[in-house]
Amino acid sequence: MTSLEELSEISKTIANPAVDKWKAQGKPIVGFFCSYIPEEILHAAGIFPYRIKAKGCTNTPAADAFLAPVNCSFVRSCLELALEGSYGFLDGVVSMNSCEHIRRLYDIWKRKVKTPYSHFLCVPHKTDEEAVNWYRDELAIFKAGLEKAFGVSITEESIRNSIAVHNETRDLLRKVYELRQRETPLLTGKEAHEIVVAAMATPKEDYNRLLKGLLEEVGKREGISAHGPRLMVMGSVIDDPDYIGIIEDMGCLVVTDALCFGSRYFWEPVKTNGDLMECLARSYLKRPVCPRMSEDIGQIVTYTKEMVEKFNIDGVIMERIRCCDLWGGTTLILQKRLDELNIPLLVVDREYMTSGAGQMSTRVGAFLEMIGRG
Amino acid sequence: MTQKNIREIENVHNSMQGLLKHVGSKYPERKWMYEPAAKYFELLYEDLVQNKPVAWYFFLLTPELFRAMDIAPFSGEYAGSVISSFPEGIIKYMELAEQHVPDSLCAINKYTLGAALSGDFPYPDMLIHIAAHPCDSASIVYPVLAEYLGVPQFCLDTPYLDDEKSHRYFASQFSKLISFLEEQTNQKLDFDRLRQVVEYSNQAQEYVLKANELRKEVPCPISSRSSATAAGAILGLAGTPFLVDWYKKQYEMALERVQRNEGALPEEKLRVAMIWSSTFFDLGVLEWMEREYGAVVVMDLLNLWINEPIEDTSSLSKIVHGLASKTLKAPMGRHGRGPVDTLLEEVVGICRDYKADVAIFAGHVGCKYGWASAKLLKDAIKEEVGIPTLFFDFDAYDPRVASSETIKAKIEQFFDTYL
């Protein structure tokens, strides 16, 4: 099996061979919900940080008892999988105040799923020094809680090592994305998404090894020359590479994104120029923004523009999971600013599951035609 | 500063004055319940005529600072909830917003957005918002508007918990807000004036707490409509002498009734706890419940103000801490921002302490965190209080989702089954 095939397989399921192997060694796995939660601290405690996703969920009968149709279908799907036992391998769960749906998911999860360890991080919605200090203190509390719950000591050295390991992941992933900057990209958007999704479901040392192998393998490929328009995808959470595949099946290539299971996960390294907890707090707060960061909403446009220029984008698809008000509201400025920059934008509403693929294909098809005409 | 477009505010102000006159002549005993909304628009209109700088702000931010700094405070949420009860409602503005954002955003936030985009309302000189207090819809509308319009904004960042450390963090945000307001208005905060405003606010708050205690009496001495009105009044008018007089009047009327062993209704048959939203587009639904079923709302979640008056007003830092705590502890905000435990405990408390016979979860479709709490609420009420709860979905500001008649039919069926 090639590295790409291995990473692709990991992205397709909840549990995977890496999870099984880790558990067989008697080591803990802790699930986390959002890209603002520093994996480094879990890693430094000898814990495998696993980003909770909902891939494979096809309906939500159990979760619907707790969550209504006005609640995000990604969150409902995560709860469904947890209630049906798919997350039985987790020794703990860490959540944060990402959005109102995730906040309540944590309340329900704690009561009904009863994962042994749980922690909630209060992540600021601003990035000024006071917010950085607040988050540093929150991370210190998180660290102390982990040490107590798992009977480990998280040393400065172990955190420094974890930051280095994760920065290597970031560096390697940027190299993967660079392969997509070319006129003839070496990866499809679906493949690239599989690679990033796998990053959050594999112990990082193993993942970095796989990525190095992948870069060697893919470097020998011929570029994709007949690919149609170059698109960027952004918006609500996408943890299912099939979604990118549906878009590309219409005759285009997704060459970059602004997704939290995508470039926003790894784009900036953690700088280690001072107190390490403060470095983590600062880096995570100042990463490319999600609209939860209330005051910095304009940064979304800046980041989008940067990506559009760097990856030579022909059009942007912004997808919004129904009732995701944070991304929904962001449309107001994104539409205006991209219009000013003369960048075509397609806004698509969807549910988490890919069952609405037909409608999606129609919308993308029409968009591609419009770009072609333009 | 250029003159603002005040036409629409003038229209609403005139409509409210007309309504007061009409109610005063036909139902003089009910006139006082319409006074807070009329006063809000009267004061706003006067501020605008004087060409004061306009702050659009999210309504859970207690407005004392604006009142003390000669800033015209426009809250789309408060204004919209009043206007939604007018025949033309707020649909025009919601639809304008829906040209840009999904219809799933809360109606009242869509109103704010649409009102800003329409140009019918005074253009904001600044936008003040609160992150995640309580919902995403409110969190996103203000910052995107600020970016869209190119208007200065200030975000008050909220912590998740309600402990002392969190209050200190939030108080610090409040201090920065003062600096922001000073910068935007080019004037220093007058401490003596702020203290006076806070004294008014404190006096009103004392009556709020005392009136809420009286609601526990059987029969309940305060009517359902005045309860719903009171919830909004504090948001729009805190810091004004009017609010002190208004709450004092409400309290004294209630006290007299208690002393006479009378309730707000001629015969109280059913005590209702409203554990989520209310029918703001038609508060007549509450009066229908009273008439048809002798059912009085003994407490509603939005009226559950729990903060004590600011004890020490001798220094700016103490006042700032007090105002910050008041904002953090605002109903809705504290129920949505943090863990669900606060909500569960308080709803159970309402049902038990106010001796409710039934609970109604009027589930506003824009309240995603509310609906995500519904099952937990249902279980908690059943287990700890043992009273039945009616759940239904509707839009508190938009009768197209569920009309007054549809809502009444649901309540009717529930009451008939229960009674």
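Things to note:
- Beyond 24 Å in Cα-Cα separation lie the following of the pairs A:Lys286/B:Lys318; B:Lys188/B:Lys210; B:Lys165/B:Lys329; A:Lys114/A:Lys148: A:Lys286/B:Lys318; B:Lys188/B:Lys210.
- Estimated FRET transfer efficiency when R0 is 56 angstrom, pair B:Gln50-B:Ser404 (beta carbons, to 0.05): 0.90
- D_trans [Stokes-Einstein, Kirkwood Rh over alpha-carbon pairs] for region A:32-83, 25 °C, 0.890 mPa s, µm² s⁻¹: 200
- Only lysine pairs 8 or more places apart or on separate chains count here, and in region B:29-129 those with Cα atoms under 25 Å apart total 5.
- Cα gyration tensor shape for region B:241-295, rounded if a/c is under 1.5, else prolate or oblate: oblate
- Relative contact order for region A:26-145, counting Cα pairs under 8 Å that sit 6 or more residues apart, in percent: 24
- Evaluated at q = 0.25, 0.26, 0.27 Å⁻¹, the base-10 log of the normalised Debye intensity for region B:69-138, with identical point scatterers placed on the Cα atoms, takes the values -1.25, -1.31, -1.36.
- A dipole drawn for region B:196-277 from +1 and -1 charges on Cβ atoms has a positive end, and of B:Leu235, B:Ala264, B:Met253 the residue lying farthest that way is B:Ala264.
- Stokes-Einstein D for region A:62-130, Kirkwood Rh over Cα pairs, 25 °C, 0.890 mPa s (µm²/s): 191
- Listed residues A:Val93, A:Gly223, A:His125: farthest to the positive end of the dipole of chain A (Cβ charges): A:Val93
- Computed from Cα atoms, the angle from the helix A:3-12 axis to the main principal axis of chain A rounds to 80 degrees.
- nm² value of the averaged projected area, convex hull over the Cα atoms of region B:324-364: 3.5
- Virtual spin-label span in nm between A:Asn342 and A:Glu147, 7 Å along Cα→Cβ: 5.8
- About the Cα centre, charge dipole magnitude for region A:284-330 (Lys/Arg +1, Asp/Glu -1 at Cβ), debye: 160
- Cα gyration tensor category, rounded, prolate or oblate, for chain B with a/c compared to 1.5: rounded
- Counting neighbouring Cβ atoms within 10 Å and putting the fewest first, the residues B:Ile140, A:Ile313 line up as A:Ile313, B:Ile140.
- Cross-link partners of A:Lys220 among aspartates and glutamates, defined as those whose alpha carbon lies under 18 angstrom from its own and excluding same-chain residues fewer than eight positions apart: A:Glu5, A:Glu6, A:Glu178, A:Glu183, A:Glu191.
- 10 Å-binned pair-distance histogram of region A:256-312 (Cα, whole percent): 22, 48, 26, 3
- Once C-alpha pairs closer than 8 Å and six or more residues apart are averaged by separation and normalised to the residue number of chain B, the relative contact order reads 17 percent.
- For the protein assembly as shown, size of Cβ-based charge dipole, Lys and Arg +1, Asp and Glu -1, in debye: 440
- Projected-area mean, the protein assembly as shown, by convex hull of Cα positions, square nanometres: 33.8
- Taking one quarter of the surface of the convex hull spanned by the alpha-carbon atoms of region A:241-350 gives a direction-averaged projected area of 7.9 nm².
- Oblate is the label for region A:1-143, because a/c, from the alpha-carbon gyration tensor with a ≥ b ≥ c as root eigenvalues, is 1.5 or above and a/b does not exceed b/c.
- Nearest-ten-degree value, helix B:136-149 long axis tilted from longest Cα axis of chain B: 30
- Think of each Lys and Arg Cβ as +1 and each Asp and Glu Cβ as -1; about the Cα centre, that makes the dipole of region A:181-296 roughly 340 debye.
- Residue among B:Ala132, B:Ala116, B:Val151 farthest towards the positive dipole end of region B:59-206, charges placed on Cβ: B:Val151
- The mean sequence separation of alpha-carbon pairs under 8 Å and at least six residues apart, normalised by the residue count of chain A, gives a relative contact order of 19 percent.
Each value in this text was obtained by applying a stated rule to the coordinates, not by laboratory testing. In this text, all values refer to a predicted model and were calculated from it rather than measured experimentally. For neighbour counting, all protein chains shown are included, and Cβ atoms are generated from backbone atoms with ideal geometry for every residue, glycine included.
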